[in-house]
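The next block holds one structure in the form of structure tokens; read it before the comments.
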Amino acid sequence: MNRTRTNNRSSRNRNGGADFRRGGGRSVSSAPARSGGTGRSGGPRRRPLAPQGEFALPETVVPALPAVQEFAELDMPEQLLAALASEGVTAPFPIQGATLPNSLAGRDVLGRGRTGSGKTLAFGLALLARTAGRRAEPHRPLGLVLVPTRELAQQVTTALTPYARSVRLRLATVVGGLPIGRQARALQSGADVVVATPGRLKDLIERGDCRLDQVAITVLDEADQMADMGFMPQVTALLDQVRPGGQRMLFSATLDRNVDLLVRRYLDDPVVHSVDPSAGAVTTMEHHVLHVDDADKHAVTTEIAARDGRVLMFLDTRHAADRLTRHLLNNGVRAASLHAGKSQSQRTRTLEQFKAGHVTVLVATNVAARGIHVDSLDLVVNVDPPTDHKDYLHRGGRTARAGESGSVVTLVIPKQRRSTTRLMAAAGVTPQTTRVRSGEEALSRITGARTPSGIPVVIAAPAAARPERAAGARSRGRRRPASAARRGRGAPPATGAAA
């Protein structure tokens with residue numbers, strides 16, 4: 001397949017990219033970043049007006065290739081096409097059909113699409129197709145996907161693993177909360193593509209376990225959240241270390257002005273594609289604002305949690321999430337909490353319990369607002385309304401994914417009404433507003449609420465991760481037979497890497 005770039009990137013170093021020189025793979029920043037205000041011909045480049053809160057998207061100079069309706073129309077390895085068929089993926093989603101012809105040709109891509117629109121395969125298939133046939137050296141991956149959260153990193157890895165396996169590429173997941181030694185060994189074994197959070201990747205680079213000077217394709221997923229979480233300095237430092245002239249793809253559900261720096265500095269004449277407005281208007285998603293009395297809110301929440309079916313509930317703090325979880329368990333509701341106070345292994349196990357239906361109510365903070373995909377989840381409840389419209393959109397994006405239907409319900413006490421009205425307007429959402437009380441028919445009709453059994457239930461807590469044995473520590477167990485050691489040598493790590 002022809003993977004030649006269709007746009008000339010020889011001027012990357014002059015326009016704000018990294019100037020790589022010998023000396024341990026360190027990068028030296030060159031001239032100031034591309035401003036986006038001047039075209040390559042020297043004249044001003046006109047940019048369209050942006051919606052309020054968003055930056056003006058760049059105009060594409062080189063015309064984009066037309067969208068496709070079938071994966072078979074794409075210039076992809078046969079193994080990837082066979083893997084798509086094997087996974088039951090029959091036709092590309094709009095963002096995939098629009099961006100893949102261009103990303104497979106090597107173009108930079110700026111894509112906006114709501115959660116559940118298919119962004120992962122939109123960048124993942126191009127990354128794997130263009131990397132197939134190459135082999136990474138130890139500690140020097142060929143492709144990089146940067147994401148803001150551990151959960152999203154694991155979701156991306158899970159989604160791409162069958163396709164990576166089909167073209168014999170090794171994936172490594174590099175995130176905090178898991179043993180860094182195992183991740184270092186995955187890189188040492190020659191991981192071809194790394195899916196990472198910025199902080200842990202920075203740690204591994206500083207340890208000498210990873211170099212980015214061979215990374216030819218870089219993806220930023222949910223870049224706006226990385227900016228909101230304060231990762232921008234780490235992200236730019238990492239991007240300055242990847243190979244000059246490489247391909248960059250930036251995908252996100254929202255593109256606000258915090259992302260403008262990344263677009264202007266690192267994307268070169270990108271193909272711009274937006275599935276829908278960043279307000280995330282989804283025809284299969286209903287939005288409800290339920291006005292409740294402060295004294296009745298706890299009872300309303302409990303009855304919603306006792307519904308027949310799973311529900312994802314968002315609260316502001318981890319302490320509030322834990323309190324509500326204990327209350328629900330004491331009232332016969334199979335609930336579990338998910339927040340940053342849990343270890344990664346606990347969070348992973350809790351999600352597995354929720355996906356399997358062993359837990360029917362997941363009580364979470366914003367840690368679950370992105371990167372969590374649960375099939376057929378039809379109700380998200382904001383027990384505490386978010387303060388930012390982007391948080392509302394990403395919380396709601398856990399339901400009505402990939403064409404399914406779902407509802408987002410926000411409980412609002414009197415003092416929150418004005419701020420919630422502003423929130424909905426900023427999100428571009430017109431909700432149905434209803435006054436409800438616990439035990440009323442309207443609450444049951446909208447949410448499926450019912451009276452809980454009141455019989456306490458106990459759910460086994462996920463086991464905490466075992467501390468990693470210090471380097472050089474001697475094993476007290478039975479020594480492995482030499483034959484077993486030889487068989488295991490060279491095998492991919494069991495944790496943090498996917499074949």
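Observations on the structure shown:
- Residue within the range 89-112 that is farther than 23 Å from Val61 by Cα, among the basic types (Lys, Arg) and at pLDDT below 90 present: no
- Apart from one condition, Gln183 fits all of (1) open to solvent by 10 Å² or more (accessible area, probe 1.4 Å); (2) part of a helix (DSSP H, G or I); (3) touching a Ser or Thr at 6+ places or on another chain (Cβ under 8 Å); the exception is (1).
- Close Cβ contacts (under 6 Å, 6 or more residues apart or on different chains) running from residues in the range 426-441 that are at pLDDT 90 or above to residues that are surrounded by fewer than 16 Cβ atoms within 10 Å (Cβ to Cβ) and aliphatic (A, V, I, L, M) comprise Thr434/Ala442; Val436/Ala442.
- In summary, helices (runs of 4 or more DSSP H) completely within the range 75-171 and bearing 1 or more residues that are surrounded by fewer than 21 Cβ atoms within 10 Å (Cβ to Cβ) and in contact with a Gly (Cβ under 6 Å, 6 or more places away or on another chain) occur at 150-166.
- Checking each residue in the range 434-453 for being open to solvent by 80 Å² or more (accessible area, probe 1.4 Å) and not in a loop (DSSP other than H, G, I, E, B) picks out Arg435, Glu441, Arg445.
- Only listed residue being in contact with a helix residue (DSSP H, G or I) (Cβ under 8 Å, 6 or more places away or on another chain), open to solvent by 10 Å² or more (accessible area, probe 1.4 Å) and either modelled with pLDDT of 90 or more or within 30 Å of Thr430 (Cα to Cα) (or both), chosen from Arg307, Arg395, Arg323, Arg318: Arg307
The values are calculated or read from the model by the stated rules, or taken from the named source; none is laboratory data. Owing to the predicted nature of the structure, the values given are computational and were not obtained by experimental measurement. Using ideal geometry, Cβ is built from the backbone for each residue, glycine included, and neighbour counts are taken over all protein chains shown. Side chains are part of the model used for accessible areas, which takes the heavy atoms of the whole protein and leaves out ligands, DNA and RNA. Shrake-Rupley method; radii C 1.70, N 1.55, O 1.52, S 1.80 Å.
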